[in-house]
1. Within the range 364-388, track down each residue that is assigned to a loop (DSSP other than H, G, I, E, B) and either within 18 Å of the chain's Cα centre (by Cα) or crowded, with 18+ Cβ neighbours inside 10 Å (or both).
2. Could you identify the single residue in GLU319, GLU311 that is more than 11 Å from the ligand (Cβ to nearest atom), at pLDDT 95 or above and either touching a His at 6+ places or on another chain (Cβ under 7 Å) or within 26 Å of GLU260 (Cβ to Cβ) (or both)?
3. Of everything in the range 253-262 that's within 12 Å of TYR280 (Cα to Cα) and within 6 Å of the ligand (Cβ to nearest atom), which residue is surrounded by the fewest Cβ atoms within 10 Å (Cβ to Cβ)?
4. Could you tell me which numbered condition ASN144 fails, if it satisfies all but one of (1) under 27 Å from LYS175 (Cα atoms); (2) assigned to a helix (DSSP H, G or I); (3) not β-branched (Val, Ile, Thr)?
5. Would you check if PRO332 is away from the ligand (no atom under 15 Å from the Cβ), assigned by TED's automatic domain parsing to the domain that holds GLU394, surrounded by fewer than 18 Cβ atoms within 10 Å (Cβ to Cβ) and farther than 30 Å from PHE266 by Cα?
6. For the range 223-236, indicate whether the set of residues that are at pLDDT 90 or above, of a type in the set (S, T, N, Q) and either within 16 Å of the ligand (Cβ to nearest atom) or not in a helix (DSSP H, G or I) (or both) is non-empty.
7. Can you name the residue in the range 282-303 that is touching a helix residue (DSSP H, G or I) at 6+ places or on another chain (Cβ under 9 Å) and assigned to a loop (DSSP other than H, G, I, E, B) and is also farthest from the ligand (Cβ to nearest atom) among such residues?
8. Kindly evaluate PHE251 against the criterion of being assigned to a loop (DSSP other than H, G, I, E, B) and at pLDDT 95 or above.
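The values are calculated or read from the model by the stated rules, or taken from the named source; none is laboratory data. What you are looking at is a predicted structure, and each value in this text was computed from that prediction instead of being measured. In this analysis, Cβ positions are derived from the backbone assuming ideal geometry, glycine residues included, and neighbour counts consider all displayed protein chains.
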Amino acid sequence: MYYTGTFFSLDILAGMQSLLILGRQPALGLAELESWCAADKIMPIGNNAVTVDIDPAELPFFRFGGSIKLTKVLTELPHADFKKAIEYINKTIPEHLQYIPEGKIKFGISVYGLRVQTNDINRATLHIKKTIKAAGRSVRVVPNNEPSLNSAQVLHNQLTSPVGMELVLVHNNGKTILAQTVAEQDIEAYAARDQKRPKRDAKVGMLPPKLAQIIINLSGNNFTRQQVTEAGLNTTQENSLASLATLLDPFCGTGVVLQEALLMGFNAYGTDLDKRMVEYSQANLEWLTSRQNVSGSYKVSAGDATTTTWEPFHGIAGETYLGRPFSAQPDPKVLQEVMQDVSFIHKKFLQNVARQTEPGFRMCIAVPAWKTSSGFKHLKTLDNLEELGYTRMEFVHAKAEDLIYHREGQVVARELVVLVRK
Ligand SMILES: C[S@@+](CC[C@H](N)C(=O)[O-])C[C@H]1O[C@@H](n2cnc3c(N)ncnc32)[C@H](O)[C@@H]1O
């Protein structure tokens, strides 16, 4: 187990559920979780949370780019009343302090979906501070700027350390789930992987490492909980199973997906039409592996994804050719031309992959979708998937139209498409 936080109560540890707080685009996080465990273990809660019927210690949280907070469910209160929830915490917290090791306790509260002002949360936190002090423990509380604490606040204030405690209150259909954070997304590690690598190129696009993790998870080559259990491994040993598999990114660019694949334990294999990009990926992977231990190996070579015969691979995950970048809405005629050009390349690429894979082969590609005043325009190739020999995979908890990664003001978005070879 790689979480060090002290749990709110040890007697309710066994067999408890996880609750995850999802990222900015919750559908991405839901599809990712559904790629890892059975859909019936997953229950979306409100707009940005989800419970998973698996103990948090068994979830490979740091591989999930779509979730920002991993918590353990402590109890469900039969109302959606913040004040009453705080009363409950005040009453029960003294008996739980014995489980927290000596030293100054760090305490904070995050609230999702309950009707409450930030000021009221701060007042409640101070009230709990008094209760903890009255029980003989020293404590520092983290003030809220918003109803929920952000990742920087949780990490910098050590709320997931043994002396830390972030309590999370989530509105669930007239009830309130009370949970405690056990892990927070490592924003510093993500930023370092993204910004400190030696070769970057704004023109090929800056794929965020979190999104790369999501693409890899959706590619389905991630080992499922059942496979990990069958192989007799625990979650931290999962990488040793992944290293049996080679993940191919046929449009590898500067190698963000390859980097994340290596960190997740896969062998990483990248090809790109542009020799300069091959050099960039190579340099970035050398940089990564000189700093971090990885179990898998990597190789990168030049190749046109529409014609190359690849060396053996087990899965495909990557961001494809997105066409020309646009900083403002293009002329409709220009957009039409770009879309046609990009669609043609995708069609040839998918035909090439179909020639080299078996039925049942699953992959995830992030393809362009263009934001216009009348909504998203989709890649035309997506209308002909059946003819090309693929079925588009659907998720129980996420609609296909929500699997588009888009930032305000961007014209070119990335649509995440999971394909299964027929
Ligand atoms: C959007 S970028 C991918 C960026 C990548 N995710 C990264 O981490 O930097 C698309 C890449 O596809 C490459 N490309 C374009 N057409 C290609 C083709 N037919 N075959 C292989 N690569 C191609 C481009 O050189 C570019 O590096």
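1. Answer for the range 364-388, where residues must be assigned to a loop (DSSP other than H, G, I, E, B) and either within 18 Å of the chain's Cα centre (by Cα) or crowded, with 18+ Cβ neighbours inside 10 Å (or both): just LEU379.
2. Working: GLU319 fails: more than 11 Å from the ligand (Cβ to nearest atom).
The conditions single out GLU311.
3. THR254
4. So the condition that ASN144 fails would be (2).
5. Yes.
6. no
7. Here the answer is SER295.
8. Numbers: assigned to a loop (DSSP other than H, G, I, E, B): yes; at pLDDT 95 or above: yes.
The answer is yes for PHE251.
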